[in-house]
Each structure stands twice: as C-alpha cells, then as structure tokens.
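Data first, discussion second: the structure below is written as structure tokens.
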Amino acid sequence: MRAKGSLREYKRKRDFTQTSEPAGALAGRAPARPRFVVQKHRASHLHYDFRLEAGGVLKSWAVPKGPSLNPADKRLAMHVEDHPLDYYDFEGVIPEGNYGAGQVIVWDYGWYELAEGSDPAREIAHGKIKFILHGRKLRGLFTLVKMRGKNSENNAWLLFKDKDEYSDPRWDAEEHARSAKSGKTLDDVAGNPRSRTWISNRAAAKRAPSRAGSARRGRAASARTGAARGDGVPQFTNLDKVLWPQDGYTKGDLIKYYLDVARWLLPYLQDRPLTLQRFPNGIEGQSFFEKQAPRGAPEWVRTESVPSEYGKRSRIDYVVCDDERTLAWLSNLGAITLHAWISRVGSLDSPDFCLLDMDPQAGCTLATLAAVTLRLRDELEALGISPAVKTSGGKGLHVMWRLAPGYDYEEVRRFTELTAQHLANVMSDRVTLERSIKKRKRGSVYIDWAQIGKGKTIVMPFTVRPRAKAPVSWPLAWSEVERMARSKAPDIFKEAARWNIANVPALLKKSGDPWKKALSKAQRFEPALKKAQARWAARTG
C-alpha cells in the first residue's frame, strides 16, 4: 500500500478527464531489474524528468539542465512527487491548462543496479543513492545526493556522473535531442495531432475503463483514421522487442539509429529500389528478403514499378526510401538491412557505382583480406581508377567508386571480371574466383566481380547488419586497411563491429561522412577498360 499512498500528490495535481497521462492504476509487475527513465519535458521551462523505479513507484527529480556524462557537471535535481510505474513510457502532449502542460518524450530509458546498498527506496530515504545506469544514452556510475545546509531547499538534490569508462567531458545533452523509444523530437510531438494520445506499448484494453480512457480510445481511433488518410508520421509498435538478444538492442534502438544517421544515409538510398531484409523476431529468428512493397504501406511511401524477370509477378513494386519517415517505417517493420540497387530510378539500366566484393573464406585472416584489398587498390590506380573502401558490416570489404553516367551493366561487369581475373593471376595463392563455395581454397579471398547486374544490390554505408554487436557498414580510409594488413586478428568480425549502432551517430556528428570526398567525383573508365583488355590479351597471347 506504500506505493498507492505515495501517488496521492500525483493524482491530486491532475485531471485525468483532460490529460492523457496514465492515472496510475496499481498493476503488479513481475520481479525484474529496476528500471529508469528520463523524460524531456517542455512545459513552462524546458527540463528533464529523471525517474528511478523504487518502492513500487517511479521516484522522480526535475533536472533543469539534464543529466550529463561529464563528471565535472553537478546538476541540480529537484525531488518531485512520485509517479506511477506506467508513466515509464509516457510520451505525448499534456494539454494547456493542466499541470505540467507541454510536450514530453522518452529521452532515455533502461535499467539500473545499485552500486551501494540493497534497497533503492531506503537509499533515497537516507538522502543518497549510487547506481549504475544501463541506458541507450546514459551508462555507468551516477550519484544522487540530497543537498544539506540552512540555505538548501528540502527537495534540492545533486545529480552527477562518477568517473568511469563511460565518462565524457564533451557531453552535451542537446546533441541527443531525439526520443530513445520513438525517435521523435519535442517539435515532432508538438506538431503531431496524434501525439495527444498516450503512446505506450501496452494495449489500451488492459487499463481500467473510465471517461478519460474512453476519450483516449477515441483519440487513438482518430489517429488510426489519420494514418489511413496518409498523414506524415509512422505508427511505431513493439519498440521494446529485442532484435539483438546477445546485446539487448531493441526495435526502438534500430529506429532511433536510422533516424540519427538519416542525413548521411539517405543520399546513398535516394532514388534506388530497395530489397528489404526483415527480421520480425530478431536476428536469431526467421528472416526473409522482400522486394515487393509490403501490404498496408502508407500512401506516402514511394514505390517504383519494375518489370520482373522471375517469379509469378509481371512487375515488382519496390520501396524507394527518400525521407526520414519512410526510413522509420521500414525500421518499424524489422527491416534491419536495406539492400539498394546500384542504379537509380530514371536510369535503371545504367549503374552509377562499380563494386568489387572482397569475401574472405574460412580460415582467411584479417591481414590476408587487407593485403588482397590493398593490391586491388594498387591495380585499379594503375588503370586510372581512384577507388574507395568500406566494411561490409559483415565478414568482408567493399571496394567501390562512382561512375559517370552512360555505362551499361554489361561493360561495367566486363571490367570487374577482367580486374578480378588479373588479381587471381598475380595472387593465385590468396585469391579465388571459384563460384562453388565448396571448391574455394581455405584461407583465400573470393572476389565477387559478378555483383554488377540489373537488380543486383549492395549494402550502402551506415546500413545496419544482422550480426552480434549490431555492426554498421562503415567507410574506411585506406590507411585503416593498411593497419589491418599488419593485424594478427583471425578474421574481420571484431574489427567490423568497431562501428555499430551505439557509436556511429556520434562519429558522424563529429566528423561527417568519411566518403564525402572519396566519392565526390564520378569517374569515367574507358581508358581503364582498354588497359585491362590489353593486359588480358597480352597474357592470353
């Protein structure tokens, strides 16, 4: 009953016929790790509401400047009334005239463990709690301590980060503006009429019926009608569904990642038909590839109808992703990896990228993969081509360059074939072109030159892969490949996982797209093709 009594102040301040905040029904929760949530709240003043699950409620503090990963930042935290557990995923608009009127997003969430003591409610009652956060943005050891002294208010506390491996002296909360659950900003919530309904992963039927509940259901019905009309914001579902069981990353994390990197990723996807690789039950569950646009796609999702050469369909309506809302919608479908054509709508018969896929076979070390890739670079440069390189996000490397317009697939494919055959001749001990996997030499690198063809796809930079650690295809400097050639690592997997959904957004915000300069020039390759053909003719006599 302690939890019920502690919610009196919360309920006294709110009119639940007016606000969409949860009324605080006391529902039992299965024993689990205690949760925390930080809600960014734009009311009369912008602040962050920091909440820890303890004693059957969410113990709450208003933090004007927000939490920080910089140990030097000692944040004022005003202890406020307890909130109910079902406030944990509240995100929406509190209407004008109500207590706390304004917009709310789930800025960060996760679970925590005590660093000292065994009962969080007791620690808080004693005026100090040390805890370790396991969130999407906030991680590591933190302290909340009540301020003492004559001039201190009774509810004034300090929140600060203790020094550990997660400390960051350059931390700025405003650089992490989006919701960790929905990917929305406060402005998104403010401008979206549908956000006036309570956004939760639980079904509305589980809540006790009331006039306020009926009003919420009415608003939700209006929202569904709006979605059918084709409004601008996708509906997210099951955001807590874990897609990477070993790492704990959820569908909400995937959506947030793609929204965070959209400004860098979308230029690579624009105008390209996509094949979706969907994992509705996570990367360890059953998956499937999907070319045809999924049923129920919103009207605003762009598609491109392309004649089909195989299967029952005469045409395939491919999804084309040109904007953030389509990217978010695809993520919500569990489409972890987006495979893009290497030609664009309007010139689908003319590729604008050339690609050689460096695929290490069983027993191939990272050093061997890197050495072969560096030799390929040297051979291409000798032919007048300036290539770029990236991790596939999986087990290989991709060597690519932009093509000037006007080439057809056949002549580009002829060039990649000649180049791969030359490399197989000069590095026969480490390179294979054998199509049969069973016949490929152990420890070698298979150069897939046949990835050039209409309808063939590649993984563009910053695309997520369905592997442990949630790696991302990342553009490399050639100096990084040279470093790999000196590595003693048995394979590329650990190296590729250095770039993942947890750190890539910050890397892009700090330094931008590493390929911006490398792919700035579209290259013509008639001279290179002539040199490659002449070299092949000389070798074959």
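Which of the GluC sites (Glu not before Pro) found in the range 270-376 are in a DSSP loop and have at most 10 neighbouring Cβ atoms, other than their own, within 10 Å? Each step should come with its number before you reach the end.
Numbers: sites: Glu284, Glu290, Glu299, Glu304, Glu309, Glu324; in loops: Glu284, Glu299, Glu309.
Here the sparse-neighbourhood loop sites are Glu299, Glu309.
Which percentage, to the nearest 5, of the DSSP beta bridges contained in the range 353-540 is antiparallel? Don't skip to the answer; put the middle values down first.
Numbers: 18 of 21 bridges.
In the range 353-540, approximately 85 percent of DSSP beta bridges are antiparallel ones.
Within 10 Å of each candidate Cβ there may be at most 16 other Cβ atoms; applying that plus a DSSP loop requirement, which trypsin sites (Lys or Arg not before Pro) in the range 51-123 survive?
Passing both the DSSP loop test and the Cβ count: Lys65.
Cross-link list Lys65/Lys516; Lys395/Lys530; Lys291/Lys454; Lys74/Lys128; Lys241/Lys456: which exceed 24 angstrom alpha carbon to alpha carbon? List each step's numbers first, then the result.
Working: Lys65/Lys516 35 Å; Lys395/Lys530 32 Å; Lys291/Lys454 14 Å; Lys74/Lys128 14 Å; Lys241/Lys456 31 Å.
Check vs 24 Å cut-off fails for Lys65/Lys516; Lys395/Lys530; Lys241/Lys456.
Cα centroid distance between the range 474-541 and the range 70-143, in Å?
Taking the Cα centre of each part, the range 474-541 and the range 70-143 sit 43 Å apart.
Residues with amide H under 5 Å of Tyr99's amide H, sequence separation 5 or more or different chain, H placed in the peptide plane at 1.01 Å from N; which?
Close amide H contacts, sequence-distant or interchain: Asp15.
Report, by chain and number, residues whose modeled amide H sits under 5 Å from the one on Thr250, excluding near sequence neighbours (fewer than 5 apart, same chain).
Answer set, sorted by chain and number: Leu243.
Taking amide H positions as placed in the peptide plane 1.01 Å from N, state which residues far from Leu274 in sequence (5 or more) or on other chains have amide H under 5 Å from it.
Val319
If you rank Leu433, Leu254 by fewest surrounding Cβ atoms within 10 Å, what's the result?
Values: Leu433 17, Leu254 26.
So the ranking, lowest neighbour count to highest, is Leu433, Leu254.
Of all DSSP beta bridges located in the chain, what percent are antiparallel, nearest 5? Each step should come with its number before you reach the end.
Values: 90 of 93 bridges.
Around 95 percent of the beta bridges assigned by DSSP in the chain are antiparallel ones.
Once phi is turned into θ = phi - 60°, what whole-Hz ³J(HN,Hα) does the Karplus curve with 6.51, -1.76 and 1.60 give for every residue of the range 97-110, x standing for Gly and Pro?
Karplus values, whole Hz, x for Gly and Pro: x, 10, 4, x, 3, x, 9, 9, 10, 7, 5, 7, 7, x.
With a ≥ b ≥ c the root eigenvalues of the C-alpha gyration tensor of the range 328-417, is it rounded (a/c under 1.5), prolate (a/b larger than b/c) or oblate? Intermediate values should be presented prior to the final figure.
On the way: a/c = 2.47, a/b = 1.09, b/c = 2.26.
Taking the square roots of the gyration eigenvalues as a ≥ b ≥ c, the range 328-417 is oblate.
Sort Ile124, Ile105 so that the residue with the fewest other Cβ atoms within 10 Å of its own Cβ comes first and the one with the most comes last. If you can, show how the numbers build up before the last one.
Details: Ile124 20, Ile105 28.
Ordered from fewest to most neighbouring Cβ atoms within 10 Å, Ile124, Ile105 come out as Ile124, Ile105.
Per residue of the range 508-524, in order, report the coupling 6.51 cos²θ - 1.76 cosθ + 1.60 (Karplus, θ = phi - 60°) as ³J(HN,Hα) in whole Hz, putting x for Gly and Pro.
Once θ is set to phi - 60°, the couplings for the range 508-524 become 5, 5, 6, 10, x, 6, x, 8, 4, 7, 4, 10, 6, 10, 7, 9, 8 Hz.
Longest segment of the chain with no chymotrypsin sites (Phe, Trp or Tyr not before Pro) in a DSSP loop having at most 15 other Cβ atoms within 10 Å?
Values: sites that count: Tyr99, Trp300, Tyr310.
Result, exposed sites excluded: 311-541.
Viscosity 0.890 mPa s, temperature 25 °C: what is the translational diffusion coefficient of the chain from Stokes-Einstein with a Kirkwood Rh over Cα pairs, rounded to a whole number of µm²/s?
Values: Rh = 26.0 Å.
For these conditions, the coefficient is 94 µm²/s.
Where does helix 409-426 land angle-wise versus the long Cα axis of the chain, in degrees 0 to 90, nearest 10?
80 degrees
Starting from the Cα gyration tensor of the range 242-341, multiply each eigenvalue by 5, take the square root, and state the resulting semi-axes largest first in whole Å.
On the way: eigenvalues 108, 58, 23 Å².
For the range 242-341, the ellipsoid semi-axes come out as 23, 17, 11 Å.
On a 29 Å Cα-Cα criterion, which of the cross-link pairs Lys469/Lys509; Lys251/Lys312; Lys13/Lys146; Lys11/Lys40 come out too long?
Details: Lys469/Lys509 21 Å; Lys251/Lys312 32 Å; Lys13/Lys146 24 Å; Lys11/Lys40 21 Å.
Flagged as over cut-off: Lys251/Lys312.
Determine the equivalent ellipsoid of the range 353-540 by diagonalising the alpha-carbon gyration tensor, then write out the semi-axes as square roots of 5 times the eigenvalues, largest first, rounded to whole Å. List each step's numbers first, then the result.
Working: eigenvalues 134, 86, 42 Å².
Its equivalent ellipsoid spans semi-axes of 26, 21, 15 Å.
Using unit Cβ charges (K, R positive; D, E negative) and no other charged atoms, how large, in debye to the nearest 20, is the dipole of the range 242-341 about its Cα centre? Present the calculation step by step, with values, prior to reporting the outcome.
Working: 12 positive and 13 negative charges, 58 e Å.
Its charge dipole is roughly 280 debye.
Give me the one-decimal Kirkwood hydrodynamic radius in Å for the range 411-485, with the sum taken over alpha-carbon pairs.
Details: mean 1/r = 0.0675 Å⁻¹.
Taking every pair of different Cα atoms in the range 411-485, averaging 1/r and inverting gives 14.8 Å.
Around Phe415, with a cut-off of 13 angstrom between Cβ atoms, what is the net charge of the other residues, counting Lys and Arg +1 and Asp and Glu -1? Could you put the intermediate results ahead of the total?
Numbers: positive: Arg413, Arg414, Arg524, Lys530, Lys531, Arg535; negative: Glu379, Asp408, Glu410, Glu411, Glu417, Glu526.
Here the count lands on 0.
The numbers here are math on the coordinates, done by the rules we state, and not lab data. Remember, it's a predicted structure, so these values are computed and weren't measured experimentally. Glycine gets a Cβ as well: all are built from the backbone with ideal geometry, and neighbour counts include every protein chain shown.
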